[in-house]
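The values are calculated or read from the model by the stated rules, or taken from the named source; none is laboratory data. Computed from a predicted structure; not experimentally measured. Cβ atoms come from the backbone with ideal geometry, glycine included; neighbour counts cover every protein chain shown. Heavy atoms of the whole protein, side chains included, go into the accessibility calculation; ligands, DNA and RNA do not. Shrake-Rupley method; radii C 1.70, N 1.55, O 1.52, S 1.80 Å.
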Amino acid sequence: MHNRIYTLVEKYPIAVSNGENGDLDGDFDGIDWRDIKMLGRGLVDALTSMGLMAPDECYIKTSLCRDSPGNLVYPAIKISTSCDLPDQLRVRIDAICFRYAQGLTTKTSHASSQDLLDDSRLQVQLTTDEEMKLTQCVQKTLLSLPVRLKHPIVIDDHDNESIVIVEGKLSARPSKLVGQTVRREVQGIIDNLGFSDFAVRILDLDGVAINGNYSNHSELDQFWKSMRSRDMFNFEVCDVIDDVGKRTTTIRRVPPRVKEQTLR
C-alpha cells in the first residue's frame with residue numbers, strides 16, 4: 001500500500017478517443033516527459049536529502065490524469081511512499097515543496113510580499129543544513145531544465161489540493177564552476193531589504209555597507225524583524241567568484257549563541 005505524497009500535472013491537454021478493443025487513441029508522441037520528471041526527481045531529492053524519508057521509501061511513476069468527465073488527459077508524475085505520513089510530517093513536506101517551487105521560479109505567485117510572509121508554509125522553521133540542502137536541490141534541478149518551461153506544472157497534494165504552480169521563466173541557472181567560498185562573520189545592523197531580488201544590505205561596526213543576497217524568502221521574516229529592531233546581530237558573509245568572474249555574496253544571520261541568549 002503506497003501513500004501518495006504529490007502529483008505533478010503538466011497542463012498540456014491531450015485529446016483521447018476510444019479505439020478498437022477498448023484502446024485509448026491520442027497524440028501521445030507529443031508528450032515530453034523530461035521537464036516534469038526533472039521537477040519530480042528534484043523534489044524527491046529534497047525530501048530524502050533532508051531526512052524526511054528514506055530514498056528506498058519513495059516511488060515515482062508516470063501517469064496520464066483524465067480530465068473527468070471529458071476526453072482529455074494530462075501528463076503527470078506521481079510521487080508516493082510506502083510509509084505512513086502523520087499530519088505533522090505532511091505539513092513539513094508541504095512547506096519544503098512550496099519553498100522548492102519558490103526557488104525554481106522568478107515569481108511563484110501574484111501574491112504581495114506580505115501575503116507570502118503570512119503564508120503558514122513559510123513559518124515552518126528549517127535548520128541551516130536543511131536550507132543548504134534545499135538550495136542545492138533547487139540549483140541541481142535548474143541545471144537540468146530549460147530557461148523557460150513549455151507548459152505550467154501544478155503540484156497537488158494527497159487530497160488533490162494544489163500546493164503551488166511552476167510556470168514560465170525559471171530562476172537563473174547557477175554557475176557550474178565556482179571558486180573557493182570565502183566566509184567571514186561580521187557584526188552589524190540590517191539597513192535595507194529587497195523582496196523580488198532577495199537583496200540585503202548590512203552596516204558593520206565601522207559603518208561600512210555590505211551588499212548581498214539572502215538565499216530564501218523563508219529568511220525574510222527574520223531579517224525584517226531584525227531591521228525594525230535596529231539591534232546589532234552577527235552575520236555570516238559568504239563570497240564566491242564563479243567561472244565568468246562574477247562575485248556572489250550571500251548573507252545569513254547567525255543564530256545567537258547560548259551565552260548571548262542568556263544575557264538577553
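Could we say that Val91 is closer than 15 Å to His158 by Cα and at pLDDT below 90 here?
Numbers: closer than 15 Å to His158 by Cα: yes; at pLDDT below 90: yes.
For Val91, the condition - closer than 15 Å to His158 by Cα and at pLDDT below 90 - is met.
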Review point. Out of curiosity, is Asp157 out of contact with any Cys (no Cβ under 6 Å at 6 or more places or on another chain), modelled with pLDDT under 90 and more than 30 Å from Pro13 (Cα to Cα)?
Key: no
Exercise for review: Please state which of the following conditions Thr48 fails to meet, knowing it meets all the rest: (1) open to solvent by 20 Å² or more (accessible area, probe 1.4 Å); (2) under 22 Å from Lys150 (Cβ atoms); (3) out of contact with any Gly (no Cβ under 6 Å at 6 or more places or on another chain); (4) modelled with pLDDT of 90 or more.
Suggested key: (2)
Point to revise | Val164 under 25 Å from the mean Cα position of the chain (by Cα), closer than 22 Å to Gln125 by Cβ, in contact (Cβ under 8 Å) with a residue 60 or more places away in the chain and part of a strand (DSSP E or B) | key: yes
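Any residue that is open to solvent by 50 Å² or more (accessible area, probe 1.4 Å), of a type in the set (Lys, Arg) and in contact (Cβ under 8 Å) with a residue 12 or more places away in the chain - is there at least one of those in region 179-188? Break it down into steps so the answer makes sense when it comes.
Initial filter on region 179-188 (open to solvent by 50 Å² or more (accessible area, probe 1.4 Å)): 180-185, 187.
With the extra rule that they be of a type in the set (Lys, Arg), the set shrinks to 183-184.
Then drop every residue that is not in contact (Cβ under 8 Å) with a residue 12 or more places away in the chain, which leaves 183-184.
Yes, the conditions are met somewhere in region 179-188.
Please find, among Ile36, Ile14, Ile60, the residue that is of a type in the set (Val, Ile, Thr) and open to solvent by 70 Å² or more (accessible area, probe 1.4 Å).
Criteria check complete, one pass: Ile60.
Going residue by residue through region 83-90, is there one that turns out to be assigned by the TED database to the domain that holds Ile155, free of Cβ contacts under 8 Å to residues at least 60 places away in the same chain, surrounded by fewer than 17 Cβ atoms within 10 Å (Cβ to Cβ) and under 25 Å from Leu220 (Cα atoms)?
Our first condition is that a residue be assigned by the TED database to the domain that holds Ile155; within region 83-90, this holds for 83-90.
Then keep just the ones that are free of Cβ contacts under 8 Å to residues at least 60 places away in the same chain; that gives 86-89.
Then drop every residue that is not surrounded by fewer than 17 Cβ atoms within 10 Å (Cβ to Cβ), which leaves 86-89.
Cutting the leftovers down to under 25 Å from Leu220 (Cα atoms) gives us 88-89.
The answer is yes, given that some residue of region 83-90 is assigned by the TED database to the domain that holds Ile155, free of Cβ contacts under 8 Å to residues at least 60 places away in the same chain, surrounded by fewer than 17 Cβ atoms within 10 Å (Cβ to Cβ) and under 25 Å from Leu220 (Cα atoms).
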Exercise for review: Would you be able to tell me the number of residues in region 189-207 that are in contact with a Gly (Cβ under 9 Å, 6 or more places away or on another chain) and assigned to a strand (DSSP E or B)?
Suggested key: 6
Exercise for review: For region 192-233, name all the residues that are farther than 29 Å from Ile96 by Cα and in contact (Cβ under 8 Å) with a residue 12 or more places away in the chain.
Suggested key: Leu203, Asp204, Leu205, Ala209, Ile210, Arg230, Asp231, Met232
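Do we have Ile36 as in the same structural domain as Val154 (by the TED database), in contact with a strand residue (DSSP E or B) (Cβ under 6 Å, 6 or more places away or on another chain), part of a strand (DSSP E or B) and of a type in the set (Val, Ile, Thr) here?
Values: in the same structural domain as Val154 (by the TED database): yes; in contact with a strand residue (DSSP E or B) (Cβ under 6 Å, 6 or more places away or on another chain): yes; part of a strand (DSSP E or B): no; of a type in the set (Val, Ile, Thr): yes.
No: the conditions fail for Ile36.
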**Study point:** Answer residue from region 63-77, given it is assigned to a strand (DSSP E or B) and open to solvent by 30 Å² or more (accessible area, probe 1.4 Å) and is nearest to Tyr12 (Cα to Cα) among those
**Key:** Tyr74
**Study point:** Output for region 208-249, where each listed residue is in a strand (DSSP E or B), under 21 Å from Ala172 (Cα atoms) and among the acidic types (Asp, Glu)
**Key:** Asp239, Asp242
